[in-house]
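The values are calculated or read from the model by the stated rules, or taken from the named source; none is laboratory data. These numbers come from a predicted model, not from an experiment. FYI the Cβ positions are ideal-geometry reconstructions off the backbone, even for glycines, and counts take in every protein chain you see.
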Amino acid sequence: MVKWSGYALAAGLALGLALPAAAKDKLVINSFGGAYEQALRRLVIEPFEKQYDVEVEVVTAYSADALAQLRAQKASPQYDVVHFSGGQEIVAAQEGLIAPIKPEELSHANELHPFALEGLARGEGPVYQVAAIGLLYNTETAPKAPTKWADLWDPAFRDHIVLTDLSNSYGLLGFLMMNQVKGGDLSDIQPGLDAVKALLPYATIVKTSPEIQQSFAQADAWIAPYAQDYAYTLRKAGLPVVFVQPEEGSPAVYITANLVAGRPNQELARKFIDFELDRAVQEGWAEALRYAPTNRTAELKGDLAKEVINGPEAIGRLVRFDPPTVDARRAAWVEAWNKLIAK
């Protein structure tokens with residue numbers, strides 16, 4: 001290691017000698033890719049980096065994959081902040097993969113709807129976005145507008161149905177709702193599997209959001225169970241796609257921001273999570289992707305207020321499947337699903 005004397009250092013500065021710049025603090029977070037990641041960078045990452053003079057590294061990893069990575073890396077996790085959209089924060093807290101956050105450590109805690117903070121007592125992170133799973137349909141090619149989950153089995157939509165694989169949290173929630181409509185529950189998904197089996201000759205199965213966009217862009221898709229926010233993404237891309245909340249109900253997607261345990265820069269990570277709860281940031285998310293804010297001071301006006309499921313009452317009407325049960329049985333469900341679609 002080179003040691004600089006005071007004289008040499010002064011001389012070097014006088015001669016314009018460049019000294020190594022101090023490395024910026026860095027956070028590593030996960031994102032869900034695509035339009036979501038674009039909005040995340042614009043609304044959160046770039047202004048946060050500027051305000052705190054830090055670097056934020058983004059790893060694209062959907063919720064189930066991020067949880068699997070945390071489990072595999074428990075001794076030395078790569079993430080500082082992890083986002084979940086399928087209830088994985090409940091399991092992660094139980095397994096000690098994420099660290100608890102106290103309400104007083106969040107400057108925006110008093111601005112949040114109570115439901116957004118309920119998980120903090122269990123060691124989970126706050127809910128910072130809410131979306132609903134329902135039916136997307138093409139207003140130009142679909143023979144009619146769907147109104148209920150049962151419309152997926154209407155012969156009018158045959159050969160133009162798009163289902164999402166259970167490896168995708170949105171796909172899993174959509175399947176669980178289909179299962180419920182057909183008489184199943186979390187202890188019995190056979191009714192849902194039988195119902196999907198009846199659709200397979202007339203449906204396409206995709207795994208990611210971009211694949212859904214491609215299906216609608218090619219006019220192959222008339223109807224697809226998926227998230228409310230993505231309908232707006234498709235409309236921004238020029239596609240005539242509308243979201244419908246079916247009569248039987250819509251599963252809730254609670255997106256949480258969580259503090260990963262065992263990382264050295266948790267204070268900075270908490271600041272990042274708090275930044276995501278800011279009113280202006282959440283208004284930006286509602287405008288960009290139609291996510292419902294959890295900051296009750298956020299103002300949504302005009303068409304935006306009509307398109308976003310907003311407020312504790314509206315969000316309270318959404319269907320919430322028990323996340324620990326879902327996580328415990330997910331692997332068996334995916335195995336059964338894979339066997340079904342392989343046929």
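Quick notes on this structure:
- The range 120-144: number of residues that are touching an Asp or Glu at 6+ places or on another chain (Cβ under 6 Å) and over 30 Å from residue 110 (Cβ atoms): 0
- Residue match in the range 106-118 (condition: under 18 Å from the mean Cα position of the chain (by Cα), closer than 22 Å to residue 278 by Cα and surrounded by fewer than 24 Cβ atoms within 10 Å (Cβ to Cβ)): yes
- Residue match in the range 186-202 (condition: modelled with pLDDT under 95 and touching a strand residue (DSSP E or B) at 6+ places or on another chain (Cβ under 7 Å)): no
- Residue ranges of helices (runs of 4 or more DSSP H) in the range 265-343 with at least 3 members over 23 Å from residue 245 (Cα atoms) and either in contact with a Ser or Thr (Cβ under 6 Å, 6 or more places away or on another chain) or not assigned by TED's automatic domain parsing to the domain that holds residue 32 (or both): 323-342
- Residue-level check: of (1) surrounded by fewer than 18 Cβ atoms within 10 Å (Cβ to Cβ); (2) over 27 Å from residue 77 (Cβ atoms); (3) not small (Gly, Ala, Ser), residue 239 misses just (1).
- Selection status of residue 75, outside the structural domain of residue 331 (by TED's automatic domain parsing) and in a helix (DSSP H, G or I): no
- Here is the figure for the range 211-244: residues that are assigned to a loop (DSSP other than H, G, I, E, B) and either of a type in the set (Gly, Ala, Ser) or under 28 Å from residue 66 (Cβ atoms) (or both) total 4.
- Filtered residues of the range 225-263 (kept if over 25 Å from residue 175 (Cβ atoms) and of a type in the set (A, V, I, L, M, F, W, C)): 237, 257, 259, 260, 261
- Note on the range 179-208: residues that are touching a Leu at 6+ places or on another chain (Cβ under 7 Å) and farther than 15 Å from residue 334 by Cβ total 3.
- Yes/no for residue 71 being surrounded by fewer than 21 Cβ atoms within 10 Å (Cβ to Cβ), at pLDDT 95 or above and under 17 Å from residue 129 (Cβ atoms): no
- The range 283-322: number of residues that are of a type in the set (A, V, I, L, M) and under 18 Å from the mean Cα position of the chain (by Cα): 9
- Within the range 214-227, being in contact with a helix residue (DSSP H, G or I) (Cβ under 8 Å, 6 or more places away or on another chain) and modelled with pLDDT under 95 holds for one residue alone: 227.
- Residues of the range 119-175 satisfying the condition of being within 21 Å of residue 196 (Cα to Cα), within 18 Å of the chain's Cα centre (by Cα) and of a type in the set (S, T, N, Q): 164, 167, 168, 169
- Filter result (within 21 Å of residue 267 (Cβ to Cβ), surrounded by 14 or more Cβ atoms within 10 Å (Cβ to Cβ) and either free of Cβ contacts under 8 Å to residues at least 60 places away in the same chain or among the polar types (S, T, N, Q) (or both)) within the range 74-92: 78
- Residues within the range 157-201 that are of a type outside the set (D, E, K, R), out of contact with any helix residue (DSSP H, G or I) (no Cβ under 8 Å at 6 or more places or on another chain), farther than 16 Å from residue 135 by Cα and assigned to a helix (DSSP H, G or I), tallied: 2
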